[in-house]
Amino acid sequence: MASNRPAYSDLVKEIRKGHFVLTGELEPEKTTGLEEVLNSARAMKPYVIAANVTDNPLAMAYMNSLVPSYIVQREVGLETVYQMVIRDRNRLALVSDILAASYLGIKNILAISGDHTVLGDNKGALSVYDLDSAQFVYLLHKMIDEGVDLAGNEIHGGVKINVGIAANPNADPLEPEILKIGRKVKIGTDFIQTQTMFDIDLTKEFLKEMERFSCPILVGIFPLKSFGIADFFDKFIPGVSVPKELLESMRKCKEESDKEKRKILYDEVNIEYFSPFIKEIRKTTKAAGIHVMAVLYERILEPLLRETV
Amino acid sequence: MIITKQKSEEKIKEMTEPFKKLFIVGCGTCSTSCQTGGEKEVAEMVEKLGNRVIGSAMVEEPCDLRINRRDLKPHRETLKEADAILVMSCGSGVQTVGEYTGKIVLPALDTLFIGETERIGKFYDRCKACAECILDETGGICPITRCPKSLLNGPCGGQVEGKCEVGEYKNDCIWVLIYEKLKEQDRLDLFTTFRPPRDNSKKVLTTELIF
Ligand code: SF4
Ligand code: SF4
């Protein structure tokens, strides 16, 4: 069963009301500035209920995601989902960051493992993994629902945060992944976000399998801004392949030499692919919403969602 | 067995450079089996380092102080003269030889892991000596050692076609193997059981065993 923790965040409130939700994604990078992130947040705000802020994705050392998670809420008024990986923090650091996030008014945490450091931009770094992601959800449960840390030390003030986890419907074999998700749901999960999905049948099958846990699921999609990105994604993001026809359509757009026209073509291909995808999910499954990972491609949100929401 | 690998020739050269009189100690146990510090390798090392080597000896178990006493006693006089001892054993052996002789010790090998031997030249990391064995719960397959994230509650999601995200998808995802093993043994309840965070203080505080 899904968690019976109160809905602290707008995201979880909306989900519990039964509204189909959309969330976005923001990626602070190796920079001391936040202008780009804030601009993206502003651009996506009309279309999404909340935005994830990624935490050193692919084991790249970027700006601490807590800061943009807070600043986006304060400056843009867009609720954030503070992603936290266990790769970079032991249980002390996790507790510290959760307390700080509470103080800063963060309402959602996405508790994830994080890619191993050998995949990142500082390959020699130690991967911490003091806890695994199930134990991290357990820590959050202890702090939020019981007001103590893992050792039973009391926390003053109360932590009011909803907890999300990630799921990989592309995992092969899938059964251990599903059992693992079930365990985390049992410990205390308010929502699940899937990895990028392209295959509608696979997505529907997965959603069907997951019905036994009655935990709200947001299906992840990744609109492709250019052929280069599509190709990179297909070649280098493990376990995810871009469908051949989609890749082919993207390749054709690339041939257009006029930059503005090319943009329009790319947008059309994305809308053609993802609009029916979203519609189908919305109409025929129990998914709670869509998580759109359109990083630096916010312009696609409006036309993409126009006909589907 | 403790699996070791010989350091590169350049590294050994650089390490031994400052010393004029060297003594070489080989290991009669693990490093003999690994072919990294047995009699043959010691002889080769003597040859390589030439006339700076004033003596050499095999110690049956260089990691055992008593055996050091027994096997190095006949070499006491030569050892006294040596500027440094190049030890061809695991790190534990190097330290024990250092403790027994009181001399500067140099490791000729890199110690890799506590491993399984398929054949000489095919060794696999199997145990991190975590001080609290859980193999009863994981189908006899160690996730602490063999999952690069040492996860205790199932796969990280980074596995593709059963292969691990670390090491370019060449190695098996150990949590998939554990899942398959437990399934085969009809013990999948062990897979879904939540394993709480480990008490790492156990390992940190277990630095000696005295009884
Ligand atoms: S659980 Fe793994 S690391 Fe710990 S003692 Fe057993 S085999 Fe060794
Ligand atoms: S893919 Fe499997 S073995 Fe590799 S880090 Fe993830 S859980 Fe561990």
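The values are calculated or read from the model by the stated rules, or taken from the named source; none is laboratory data. Note that the structure is a prediction, hence the values are computed from the model and not measured. Here the Cβ positions follow ideal geometry from the backbone for every residue, glycine too, while neighbour counts run over all protein chains shown. Side chains included, ligands, DNA and RNA excluded: accessible areas come from the protein's heavy atoms. Shrake-Rupley method; radii C 1.70, N 1.55, O 1.52, S 1.80 Å.
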Here the residues of the range B:10-36 lying in the modelled label zone of B:Ile54, meaning backbone nitrogen under 16 Å from a point 7 Å along Cα-to-Cβ, are B:17-25
The range B:2-112: relative contact order in percent, alpha carbon pairs under 8 Å with at least 6 residues between: 35 percent
Diffing the range A:288-302: the Karplus 3J(HN,Hα) column from phi (6.51, -1.76, 1.60, θ = phi - 60°), in whole Hz with x for Gly and Pro, holds 7, x, 10, 9, 9, 8, 9, 5, 6, 9, 5, 4, 6, 4, 4
Say R0 is 41 Å: what FRET efficiency, to the nearest 0.05, do A:Ala7 and B:Lys128 get from their beta-carbon distance? 0.45
Taking the alpha-carbon distance from A:Lys17 and a cut-off under 18 Å, which lysines remain once sequence neighbours fewer than 8 residues away in the same chain are dropped? A:Lys107, A:Lys283, A:Lys286
What nm value, rounded to one decimal, do you get for the distance between A:Val148 and A:Val67 when each label is placed 7 Å out toward the C-beta? 3.6 nm
What ranking, highest mean first, results for peptides A:248-254, A:279-285 when packing means the other Cβ atoms within 10 Å averaged over each residue? A:248-254, A:279-285
Per residue of the range A:202-209, in order, report the coupling 6.51 cos²θ - 1.76 cosθ + 1.60 (Karplus, θ = phi - 60°) as ³J(HN,Hα) in whole Hz, putting x for Gly and Pro. 4, 4, 5, 4, 4, 4, 4, 4
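Averaged across the residues of B:158-167, what count of C-beta atoms belonging to other chains lies within 10 Å of each residue's C-beta?
Details: counts 9, 8, 7, 5, 4, 3, 1, 7, 6, 2.
The per-residue average across the peptide is 5.
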What list of ³J(HN,Hα) couplings, whole Hz, do you get for the range A:247-259 from phi and the Karplus terms 6.51, -1.76, 1.60, once you set θ to phi - 60° and write x for glycine and proline? 4, 5, 4, 5, 4, 5, 4, 4, 5, 5, 7, 6, 4
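Size of the dipole of chain A about the Cα centre, Lys and Arg at +1 and Asp and Glu at -1 on the beta carbon, nothing else charged, in debye to 20? Intermediate results must be reported in sequence, preceding the final value.
Details: 38 positive and 44 negative charges, 118 e Å.
Dipole about the Cα centre, nearest 20: 560 debye.
Placing unit charges on C-beta atoms (Lys and Arg positive, Asp and Glu negative, everything else neutral), compute the dipole magnitude of the protein assembly as shown about its Cα centre in debye, rounded to 20. List each step's numbers first, then the result.
Numbers: 69 positive and 77 negative charges, 124 e Å.
For this selection, approximately 600 debye.
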Rank B:Thr32, B:Phe19, B:Leu79 by how far each Cα sits towards the positive end of the charge dipole of the range B:2-112 (+1 on Lys, Arg Cβ; -1 on Asp, Glu Cβ) and give me just the farthest. B:Leu79
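If I take every Cα pair under 8 Å that is 6 or more residues apart in chain A, average their sequence separation and divide by the length, what percent do I get for the relative contact order? Don't skip to the answer; put the middle values down first.
Details: 545 pairs, mean separation 60.4, N = 309.
The normalised contact order for chain A reaches 20 percent.
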B:Ile104's amide H: which non-local residues (gap 5+, or another chain) put their own amide H closer than 5 Å, with H modeled 1.01 Å from N in plane and none for Pro or chain starts? B:Ile85
If every Lys and Arg gets +1 and every Asp and Glu gets -1 at its Cβ, then about the Cα centre chain B yields a dipole, in debye to the nearest 20, of 460 debye
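Does the range B:132-197 classify as rounded, prolate or oblate by the C-alpha gyration tensor (a ≥ b ≥ c root eigenvalues; a/c under 1.5 gives rounded; else a/b over b/c gives prolate, otherwise oblate)? Present the calculation step by step, with values, prior to reporting the outcome.
On the way: a/c = 1.88, a/b = 1.43, b/c = 1.31.
Cα axes put the range B:132-197 in the prolate bin.
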Under 8 Å for C-alpha pairs, at least 6 residues apart: give me the relative contact order for chain B, rounded to a whole percent. 17 percent
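Around A:Arg16, under 13 Å between beta carbons, what's the net of Lys plus Arg minus Asp minus Glu among the other residues?
Details: positive: A:Arg5, A:Lys13, A:Lys17; negative: A:Asp10, A:Glu14, A:Asp190.
Result for the local shell: 0.
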What does the charge count near A:Gly33 come to, summing +1 for each Lys or Arg and -1 for each Asp or Glu among other residues with Cβ under 14 Å from its Cβ? -4
Counting only protein heavy atoms and using a 1.4 Å probe, what share of the accessible area of the protein assembly as shown belongs to carbon plus sulfur, as a whole percent? 52 percent
For A:Tyr62, other-chain or 5+-apart residues with amide H closer than 5 Å (H placed, Pro excluded) are A:Asn56
So who's got an amide H within less than 5 Å of the one on B:Phe113, skipping anything under 5 residues away but keeping other chains? H placed 1.01 Å off N, in plane. B:Ile3
Interface B/A, total buried accessible area with a 1.4 Å probe, nearest 100 Å²? 2300 Å²
Reach of A:Lys30 by Cα under 22 Å, taken over lysines that are not fewer than 8 positions away in the same chain: A:Lys123, A:Lys225
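Subtracting the Cα-Cα distance from 0.36 nm times the residue separation, let me have the gained length for A:Asp172 to A:Asp199 in nm, one decimal.
Working: separation 27, 0.36 × 27 = 9.72 nm, distance 1.45 nm.
Full extension of this stretch gives 8.3 nm more.
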Setting aside same-chain residues fewer than 8 positions from B:Lys122, which aspartates and glutamates have a Cα under 19 Å from its Cα? B:Glu41, B:Asp110, B:Asp172
